[in-house]
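J.: Sharing a structure here in structure tokens format.
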Amino acid sequence: MKGYLQLSNGESFEGQWHGTPQCTSGEVVFFTGMTGYQEVLSDPSYHGQIVVFAYPLIGNYGINGEDFESIVPQPAGVITCAADETGHHYQSLEPLSALLNKHGIPLISDVDTRSLIKLIRAEGDMKGVLSSSLQHIEQYKEKKGVQGKLVKEVSVQEAETHGKGKYHIVLLDFGYKKSIVEALVENGCKVTIVPFDEKEEVIHKLKPDGLLFSNGPGNPKELAPYMPVYRRLAELYPSFGICLGHQLLALAFGGNTQKLKFGHRGANHPVINLKTNKVAMSSQNHGYVVEEGSLISTGFHVLYKNINDGSVEGMYHDTYPVVTTQFHPEANPGPEDHAHLFSSFLELIREKRSEKIYA
């Protein structure tokens, strides 16, 4: 069965449709990593997007039971050059296409992904419609207001706790990845995950040693009503912001964000630590960045920068124990060059504890 992608600029691409005939839409983005498609598909930061995989063969090691970052796949659709229907790995439980079909997510293979990605790089991320029928594309009415619901759709509805460590971390969930929680637990933490809009008094009653502002999908400015709350919390507790959490903390303290032309999504992005002058590779998935010039009066200073385009990749505050990274220190998929940042976060907590003891 033929499948079609119609872009908002009028361009269209044709391929092989897998799964039940339907029509769906979303922002079309691309991921450049050679491996890690299962982690990408289950990363809530991709919720509602149509993901194009740059690597030509996707699905060759199937789907296993261990590498999910959330319970269900998150994209609105998937586009590949070639899709392996078997999955050649001893841990494989099912093929890629079977997983997506089970959750009603369309997959189009045999697409000229090289040309599609070159087009996105030239013109920027854009909306697209996927369908098994050209006629349905013409009739399809794109849903309105979906972007504003993205975080609400992926955040937990009530608190849940993982681990039994000596440090209690409250994770504000904007669409967290399982690997972030696992990294904290492995570093000796008890982690309580709460909804992104949890009341301040509830968080205070949990008596956290620190807060983690998680990754998630969408435009950070859509959470503007919550910024005063996030700032008050970050001023009280040692805080670590990752990806969307990094952007939210910048906005909460008076900074600004802007949309990148085509985003950073891959497992091989070099970043430089401005304090140590050392470069390391990072895993990234974001379409928005913090504007460096907007940080002047916020108390934040740039800690990491992207080698490729000079964009802000991390910050630290000069008054409060707050650090952030635009990239993913937990990786999955990607290099583990920045895994030490979780222990660095705990060091901030220990320093805060010492201040209380000697106060």
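J.: Identify the residue in the range 60-96 that is acidic (D, E) and in a loop (DSSP other than H, G, I, E, B) and, among all such residues, is most open to solvent (accessible area, probe 1.4 Å).
T.: Ranking the candidates gives E66 first.
J.: Of all residues in the range 13-31, how many are in a loop (DSSP other than H, G, I, E, B) and of a type outside the set (S, T, N, Q)?
T.: The number of residues fulfilling the criteria is 2.
J.: Still on this structure: Mind checking whether some residue in the range 188-196 is open to solvent by less than 20 Å² (accessible area, probe 1.4 Å) and in a helix (DSSP H, G or I)?
T.: No, the conditions are met nowhere in the range 188-196.
J.: Still on this structure, I have one more. Within the range 197-227, track down each residue that is touching an Asp or Glu at 6+ places or on another chain (Cβ under 7 Å) and part of a helix (DSSP H, G or I).
T.: Once the filter is applied, which keeps residues that are touching an Asp or Glu at 6+ places or on another chain (Cβ under 7 Å) and part of a helix (DSSP H, G or I), the range 197-227 yields only Y226.
J.: For a quick check of your reading of the model, give me the residue pairs whose first member lies in the range 27-52 and is without any contact (Cβ under 8 Å) to a residue 12 or more places away in the chain, whose second is open to solvent by 10 Å² or more (accessible area, probe 1.4 Å) and part of a helix (DSSP H, G or I), with beta-carbon atoms closer than 7 Å and at least 6 apart or on different chains.
T.: No pair meets every condition.
J.: Any idea which of S311, S294, S282, S343 is surrounded by fewer than 13 Cβ atoms within 10 Å (Cβ to Cβ) and of a type in the set (S, T, Y)?
T.: S343
J.: Does any residue of the range 318-337 turn out to be under 23 Å from G188 (Cβ atoms), acidic (D, E), touching a strand residue (DSSP E or B) at 6+ places or on another chain (Cβ under 6 Å) and in a loop (DSSP other than H, G, I, E, B)?
T.: yes
J.: May I pose another question? Of all the residues that make up the range 34-59, how many are in contact with a strand residue (DSSP E or B) (Cβ under 7 Å, 6 or more places away or on another chain) and assigned to a loop (DSSP other than H, G, I, E, B)?
T.: 6
J.: Also, I was wondering about something else. Determine which single condition S8 fails, assuming it passes every other condition in (1) surrounded by 17 or more Cβ atoms within 10 Å (Cβ to Cβ); (2) under 25 Å from V154 (Cβ atoms).
T.: Failed condition: (1).
J.: Pull up the range 137-195, narrow it to residues that are among the aromatic types (F, W, Y) and out of contact with any Ser or Thr (no Cβ under 6 Å at 6 or more places or on another chain), then point me to the one that is modelled with the highest pLDDT.
T.: Among them, the one singled out is Y167.
J.: Considering G245, G266, which residue is assigned to a strand (DSSP E or B), open to solvent by less than 10 Å² (accessible area, probe 1.4 Å) and not aromatic (F, W, Y)?
T.: G266
The values are calculated or read from the model by the stated rules, or taken from the named source; none is laboratory data. This one's a predicted model, so the numbers in the text were calculated from it and none came from an experiment. Every residue, glycine among them, receives a Cβ derived from its backbone with ideal geometry; neighbour counts consider all protein chains shown. Heads up: the accessible areas ignore ligands, DNA and RNA and are worked out on the full protein's heavy atoms, side chains in. Shrake-Rupley method; radii C 1.70, N 1.55, O 1.52, S 1.80 Å.
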